[in-house]
Amino acid sequence: MATHRTNLDALIPREDFEVKGDETPPSSLSTTLKISELAPDSLTYQVLRKPDFQRETTNWTPDKIVELIESFLDGDLIPSIILWRSPSTSNIFVIDGAHRLSALIAWVHDDYGDKQRSLDFYNNKIPPEQLKAAERTRSLIDRRIGSYTALRSAGQHPENSSPDQVRRARNLGSFAVQLQWVQGDAKRAEDSFFKINQKATPIDPTELLMIRSRRKPNAVAARALLRAGVGHKYWSAFPPDTQQELEELARQIYDILFAPVLEEPIKTLDLPVAGRGYSAESVRLVFEFVNLANGLITDKSRTELREDPDGRSTLQFLKRVLQLARRVSGCHPSSLGLHPAVYFYGATGRYQPSAFLGTVRFVQQLEQENAIHAFTSVRCRFEEFLLDHRYFTNQIVVKHGSGKKSLEPMARFFRRILESVLQEKNSDEIVADLQSHKDLRFLKELTAQDIEHKKEFSRETKSTAFLREALAKALRCAICGARVHKKSMTFDHKLRKQDGGAGSADNAQLAHPFCNTGFKERRHSQDQQTPLSSPSLFPEHED
């Protein structure tokens, strides 16, 4: 289970620090910052800003935050915070050290992602994972340090406090954070940011690409999606009606991808399609999903994408993402309703981003080849093979790497299975077909002896046991026979309404949305001798 990380992103506002006009440097700047200057009513705190391209301040665990505050109170060495002062606005921008500074601010404000400033920042929509991380952080603070208010009280009333608290309280008045300043204009400050942040703790390559592309529609769309249209408005320069539509689209897509919240060990089949919404992993997944939905497959296509000054391109990007998200999950008539536990989670319950992206690419190719109906006609057998050989997707990721590196190999894996299933081959023959492909020959069937287990039940073992039992008893689509996910469940008339079917319970059956509409109607209206079992559905993808 991934450790919940504390969200401190609301504590220092973002702002575009591009400067126009007078850039005369100040005569002198302070070299230290007192803890009292981080209080809500402090003039210094009021002018603190992060550059608008600064990555989210969400990467520290509760333990790391507590350790930083302890180090400050005990007089241990803390690396200097690097700042830049805007000559035109007098705002002070954090070039390096946003997590360190935000941890201290969080302690002073008692806001670890769940109090008033954070609530306002996220329009009162705080994810449960964020609340849990905040609660754990505050609990650790109370146990190991004490709140900022408690320490100030200890300094004023030492007779009611422990010696350790009194010592640290007295340190509050004398210790300070060391500061360094970037001299020069906004361009110099931006260059310093990228240079500094590629050294000690390099920015994730996807995050770096999003920062450099921050005014392009794919990056703005991904930022909106990651927080369901709330938080910092990277789209604030767009017209108000465009902003409103953008935020509504982001909310709809977020709900399709990340609701409900993922809990571990897994005890329900009602799993989110895209895994944990509040994680570093989700940044990469969402950005790649946005790019996939908009045909930005190659690095060249992303580089050549133009900036979006008015939001019209970003809206089009989000609409295409919504269309693709609906094809994968949800109750829209076009939805295949792919079951997350079948496609996107491994046998141990671990979410697999590469499997999600590979499946999305596979679905796109089905649409391009007009093969959605062919897939639906054999979907049940296709998915049974996946479940019986779900460790194959792990092997593909190990071989090719995570994220988009496994995109095409994963999609090729799915295509190869579908071709074999359409040819009515058995499981052993399908495995042989896969292993005969030059890019899939490394796939290996595993036995129980290949998997090591400890004596105690791990979280993953518990998830494995639940998924095994639950999937065996899962509800199925009455039309295609494959498993039905709660988020993609519709009720179908066994005897169609136009044929006289009644709305009674006896005439109702569960079905995937697409099975209930497009597939059922086509099957009803067309002769069954169609090219659904053609030996090759993807001619241009043949190797």
Exercise. Sort through 13, 40, 62 and tell me the only one that's at pLDDT 90 or above and buried (at least 19 other Cβ atoms within 10 Å of the Cβ).
Key: 62
Quiz prompt | Pick from the range 204-242, criterion farther than 23 Å from residue 11 by Cα and among the polar types (S, T, N, Q), ranking: surrounded by the fewest Cβ atoms within 10 Å (Cβ to Cβ) | solution = 242
Quiz item: Can you spot a residue in the range 374-395 that is in contact with a Cys (Cβ under 9 Å, 6 or more places away or on another chain) and among the β-branched types (Val, Ile, Thr)?
Solution: yes
Practice problem: Inspect the range 123-131 for any residue being farther than 18 Å from residue 74 by Cβ and either in the same structural domain as residue 233 (by TED's automatic domain parsing) or among the charged types (D, E, K, R) (or both) and give the result as yes or no. | Solution: yes
Exercise. For the range 409-421, state whether one or more residues are in contact (Cβ under 8 Å) with a residue 12 or more places away in the chain, surrounded by 15 or more Cβ atoms within 10 Å (Cβ to Cβ) and more than 22 Å from residue 366 (Cβ to Cβ).
Key: no
Practice problem: Kindly indicate whether residue 295 is assigned to a loop (DSSP other than H, G, I, E, B) and surrounded by 19 or more Cβ atoms within 10 Å (Cβ to Cβ). | Solution: no
Exercise. Identify the single condition in (1) out of contact with any helix residue (DSSP H, G or I) (no Cβ under 8 Å at 6 or more places or on another chain); (2) in a helix (DSSP H, G or I) that residue 361 does not satisfy, given that it satisfies every other one.
Key: (1)
Self-check item: Sole exception among (1) outside any helix (DSSP H, G or I); (2) polar (S, T, N, Q); (3) surrounded by fewer than 17 Cβ atoms within 10 Å (Cβ to Cβ) for residue 435, by number
Solution: (1)
Quiz item: When the residues of the range 332-376 are filtered to those that are surrounded by fewer than 21 Cβ atoms within 10 Å (Cβ to Cβ) and of a type in the set (Ser, Thr, Tyr), which remaining residue is farthest from residue 274 (Cα to Cα)?
Solution: 334
Quiz item: surrounded by fewer than 17 Cβ atoms within 10 Å (Cβ to Cβ), under 23 Å from residue 329 (Cβ atoms) and over 17 Å from the mean Cα position of the chain (by Cα): does that describe residue 263?
Solution: no
Exercise. Would you mention how many residues in the range 490-501 are over 17 Å from residue 476 (Cα atoms) and either modelled with pLDDT of 90 or more or not small (Gly, Ala, Ser) (or both)?
Key: 5
Quiz item: What tally of residues in the range 205-256 results from selecting those that are among the aliphatic types (A, V, I, L, M), under 25 Å from residue 191 (Cβ atoms) and modelled with pLDDT of 90 or more?
Solution: 4
Quiz item: Looking at the range 303-331, which of the residues that are among the β-branched types (Val, Ile, Thr) and buried (at least 19 other Cβ atoms within 10 Å of the Cβ) is nearest to the chain's Cα centre (by Cα)?
Solution: 321
Quiz item: Within the bounds of the range 464-479, is there any residue that is at pLDDT 90 or above and in a strand (DSSP E or B)?
Solution: yes
Quiz item: Which one of 136, 152, 188, 167 is over 17 Å from residue 101 (Cα atoms) and in contact with a strand residue (DSSP E or B) (Cβ under 9 Å, 6 or more places away or on another chain)?
Solution: 188
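The values are calculated or read from the model by the stated rules, or taken from the named source; none is laboratory data. Predicted model, so just to flag it, every value in this text is computed and none were measured. Please note: Cβ atoms are built from the backbone with ideal geometry, for glycine as well, and neighbour counts cover all protein chains shown.
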